[in-house]
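Every number in this text was worked out from the coordinates using simple rules, so none of it is lab data. Keep in mind it's a predicted model, so treat the numbers as computed, not measured. With ideal geometry, Cβ positions are generated from the backbone for all residues, glycine too; neighbour counts draw on all protein chains shown.
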Amino acid sequence: MNAQRVLIETQSAEETERLGHSLAQMLPRGAVVALRGELAAGKTCLVRGMASFFAPGELVTSPTFTLVNEYGATIKFYHMDLYRLTDVREIADLGYEELFDPDGVCAIEWADRAENLLPQRRVDVTLEHAGQDRRRVTVANYGVLTEGWVDILTRLPLS
């Protein structure tokens, strides 16, 4: 499946969070967002912004030790962090399929560790350091986001 891609540069952690919040507004129920990037590339910042849409006011932390955090009431937002997992069988043992809830949204940090388990229909987000607090964020849509999503994301007032 071919993806439509867009590259966005953020200038701060706050802008990366705002981008995550805006992206979350476009995600339909059942969406899976696969996040990739080096340590401290901004994955958790982006997810914190996404969670602020689904669960305003809730404290959002990285589930590095718990592996999965759940937020929200009306639409459940699942935040997985696979950093500590080394074997795809560990991920399968988590019951990850249940987190691909047709009525919720799931964001997966370190998604490359579960590449073969990810649904084909998803949004991939790759974050890269671009010097100081700046980040290059590539969003690739594999059949999840509706028409016009590129225009919306590229016209966002992030600052």
Residue separation times 0.36 nm, minus the C-alpha to C-alpha distance between Val150 and Thr74: what's the value? 24.7 nm
Can you tell me how much longer the chain between Ala13 and Gln120 gets when fully stretched, taken as 0.36 nm per residue apart minus their C-alpha distance, in nm with one decimal? 35.6 nm
Which length gain, in nm to one decimal place, applies between Arg134 and Leu158 when the Cα-Cα distance is subtracted from 0.36 nm times their residue separation? 7.4 nm
Within a Cβ distance under 9 Å of Val137, other residues only, what is the Lys/Arg minus Asp/Glu net charge? 0
